[in-house]
Each structure stands twice: as C-alpha cells, then as structure tokens.
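Working notes, structure below.
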Amino acid sequence: MSIRRWWPVAVATLLTAANAHAAEKLTFLTSWKAQAEHGGYYQALAKGHYQACGIDVNIRQGGPAIDGKQLFVAGAVDMMMASFSDTAFQVNEAGFAGKAVMSSFQKSPQILMTHAGNGIEKMEDMRGKPVMVSASSRTSFWPFLRNKFGFTDAQLRAYTGQLAPWLLDPTGIQQGLLTNEPYRVQTETGKSPKTFLLADYGYEAYSSVVIASKKMIDEKPQVVQCFVSATRKGWEEFFVDPKPAIALIKQNNPENTDDLIAYAIRTMKSAGIVESADTAKGGIGTMTDARWKSHFDMLASAGLISKTLDYKSAYTLQFVNAK
C-alpha cells in the first residue's frame, strides 16, 4: 500500500482507538425494567450517540426491588431516572447535592383509571370512593388530589400492581400509567377503561427526570452535556424509527411484546408525553423555572418538603433549553 493511501487509514484508526480509550464510563439507572417509555435512552445507546460524544453508557434497569435513590446517593450509579421531579427535592433535603439536568417527559403518564359507564365522569366524582394507590404514590400525587379535588386518606386502598382486584370491581378506581394499564385492560377484557391523566388536571411534576450529582455537574459538565444532548437526539430519532431501541429493549426485558411497545409509542405521541409546546421552543428534555416552582409549592404546602428548602438547588437549566 502506498504512503498516500495508508496515511488516512492509519489516522482514522488511531483516532478511533483514541476516542474509544478516552470514553468516560457512566452508569445510568432507569426507574423500571426496560420498556418503550425508555425509548430515547436506548435509541441513543443503540445508535452510538453517547459513544460519539465521549461517554460509554451502561443502562442499568430499575425494578420493584431496587431503591434508586439509595444507589444514586451511595455512588453506585452515576445518574438516575426519577419517575417524578419530587426525587430531586428529596435527595437535596436529605443532604445530598443532586440536580435534575433534563426531563424526558413533559407530562407524567400517571393516571387514575376506572370502568366506563359507572357514573364517574370527572375527578370530583371520585370523592369518597375507594382508590387503589401504591405506598410511594401516597407521598407524590395523592397530596395533589387531596388539595385540588378534596380526596381524603379514608379513600386509600392498597395497590400491588395487579389488575385482578380492579377487574372484579365494577366501581373500582386505581392508579396506572397511560402507556401501560389501559392496554392491559383492553387485552384482557376487550374493553377500554376510562382514564384521567393527572397532568391534564394540573399535576405539574416532570417525569422521566435525569438526575446527576452536583459534583459531576461541576467537575465533568461535558459528560453531562453529552448525555443530555445524545438522549435528546435519541428521542427525536425514536419517534421516527424506533427499531434500534426496540431491539435493545426486548433484549433486556423480553416481557415486552410488539403490540405493547407500539401502543406505548402511540400513546406517548398522542398524549404529548415527550413533546409539548415547551419542547417546540426548547427541545426535548426542556424544563422551566415556573414548573419547578409550582410543583415545589404544592409539595411544601402538603408538608412533604420543607418550605425552607431552596427549590432551585434541585435542578439546573444549564444543559437544556437549546434546540
């Protein structure tokens, strides 16, 4: 091979090796097992977007027996996905300096679900009726329902994630995710449940929130920016051609079916879970001071967060809001 032909090949090889060697290892913990709702992260991984900007990302699956906050605070993972923005306030109040750096979901997919035709047409119709809610939800969206719609703790019933109790009770009301439980009901009964998306009733928590330690933000801002920018690109591509992400999601969690994944993607699009008026201005992952302040005020008024906490300690807009 001539020197003229050999030189570009050699340079490309050396650059590739150097980039691979320089890649910063980063472990990202999701809030649950791999699913379509994590599509942007898996798309960025599958398409090499993280690697392209210098980080070697390992996506670690969450689950029912995994305490994400504990692993994050202990340093066992570098970044974590929180189901609600509440987590960012909680870790700071506990004395750990962590900040939300992006929010993949502009709307929380959290719903209350009941049977169609049982007389419940609006939130107020649920007052005084039993509602199946998980233990963690009693300190997240339940105070919002109490304050805004007059729900009381006397209505609380245990929710274990199983559909059977709800299916057997024509008057049943339970929590769920818009991207999951309605599909399961349709599959098992052939009927669609009546759903109430809490975000459409004023519940302003961000969801699929990425939290990093202040130490990482201060010492390795380029790593955080790489993760945020690559994830944004992953979400943009996921809604055009999700096949690369789907392959990884099914590999990590074979419980996903093609129909469930397709349903979740359609629902995220139609309900504006990822894209909104705010993302049209600031891009996917965008956040605003107003949303954070509003949600903090709700939590503080319910006694779930100290009113003396500096709410701005829980997030930063440094890495988002630029299309």
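What is the gain in length, in nm to one decimal, between E188 and K25 on full extension, counting 0.36 nm per residue of separation less the C-alpha to C-alpha distance?
Full extension of this stretch gives 54.4 nm more.
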*Putting +1 on Lys and Arg Cβ atoms and -1 on Asp and Glu Cβ atoms, find which of A199, Q222, Q43 reaches farthest to the positive end of the dipole of the chain.*
Q222
*Karplus couplings for the range 303-318 from phi (6.51 cos²θ - 1.76 cosθ + 1.60, θ = phi - 60°), rounded to Hz, Gly and Pro as x?*
x, 8, 9, 5, 5, 8, 5, 6, 4, 6, 6, 8, 7, 9, 9, 4
*Determine the per residue accessible area of the range 236-323 with all protein chains present and a 1.4 angstrom probe, expressed in square angstrom.*
50
*Of the cross-linked pairs K233/K312; K250/K293; K25/K307; K214/K293; K47/K215; K25/K269, which ones have a Cα-Cα span greater than 30 Å in the structure shown?*
K250/K293; K25/K307; K25/K269
*Within the chain, what percent of beta bridges assigned by DSSP are antiparallel, to the nearest 5?*
60
*Using a 1.4 Å probe and counting only protein heavy atoms, arrange M113, M132 so the residue with the most accessible area comes first.*
M132, M113
_Segment Q70-R146, length gained on full extension (0.36 nm per residue, minus Cα span)_ = 24.5 nm
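Can you give the FRET efficiency for L168 and K307, using 1/(1 + (r/R0)^6), R0 = 45 Å, r = Cβ-Cβ distance, to the nearest 0.05? Write down the numbers at each step before the final one.
Working: r = 43 Å, r/R0 = 0.95.
Here the calculated transfer efficiency is 0.60.
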*asked:* Taking amide H atoms as placed 1.01 Å from N in the peptide plane, list the residues 5 or more away in sequence, or in a different chain, whose amide H sits under 5 Å from that of G172.
replied: H115
*Which ³J(HN,Hα) values in Hz, rounded to whole numbers, follow from the phi angles of the range 132-149 under the Karplus curve 6.51 cos²θ - 1.76 cosθ + 1.60, where θ = phi - 60° and Gly and Pro get x?*
7, 9, 6, 4, 5, 6, 6, 10, 10, 8, 4, x, 4, 5, 5, 5, 8, 10
*What length, rounded to one decimal in nm, is gained on full extension from T160 through to E121, with 0.36 nm per residue of separation minus their alpha-carbon distance?*
11.5 nm
*Expressed as a whole percentage, what fraction of the accessible surface of the range 68-172 belongs to carbon and sulfur atoms when a 1.4 Å probe is rolled over the protein heavy atoms?*
54
*Count the net charge of all other residues whose Cβ sits under 13 Å from the Cβ of S136, scoring Lys and Arg as +1 and Asp and Glu as -1.*
0
*In deg cm²/dmol, rounded to 500, what helix-only [θ] at 222 nm does the chain give when every DSSP H run of at least 4 residues adds -39500 (n - 2.57) and the total is split over its residues?*
-12000 deg cm²/dmol
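In debye, nearest 20: dipole of the chain around its Cα centre with unit charges on the Cβ of K, R (+) and D, E (-)?
440
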*asked:* Under the rule of at least 5 residues apart or a separate chain, name every residue whose amide H is placed under 5 Å from the amide H of T27.
replied: N58, D78, M79
*What is the Cα centroid distance between the range 167-184 and the range 122-144, reported in whole angstrom?*
13
*Which net charge results for the neighbourhood of Y50, defined as the other residues with beta-carbon distances under 11 angstrom from its beta-carbon, given Lys and Arg at +1 and Asp and Glu at -1?*
+1
_Answer label, with mean projected area of the Cα convex hull in nm² calculated from the coordinates and candidates [x] 18.7; [y] 15.9; [z] 17.5_ = [x]
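The values are calculated or read from the model by the stated rules, or taken from the named source; none is laboratory data. No experiment lies behind these values; they were computed from the predicted model shown. With ideal geometry, Cβ positions are generated from the backbone for all residues, glycine too; neighbour counts draw on all protein chains shown. Just the protein is used for accessible areas: all its heavy atoms, side chains included, with ligands, DNA and RNA removed. Shrake-Rupley method; radii C 1.70, N 1.55, O 1.52, S 1.80 Å.
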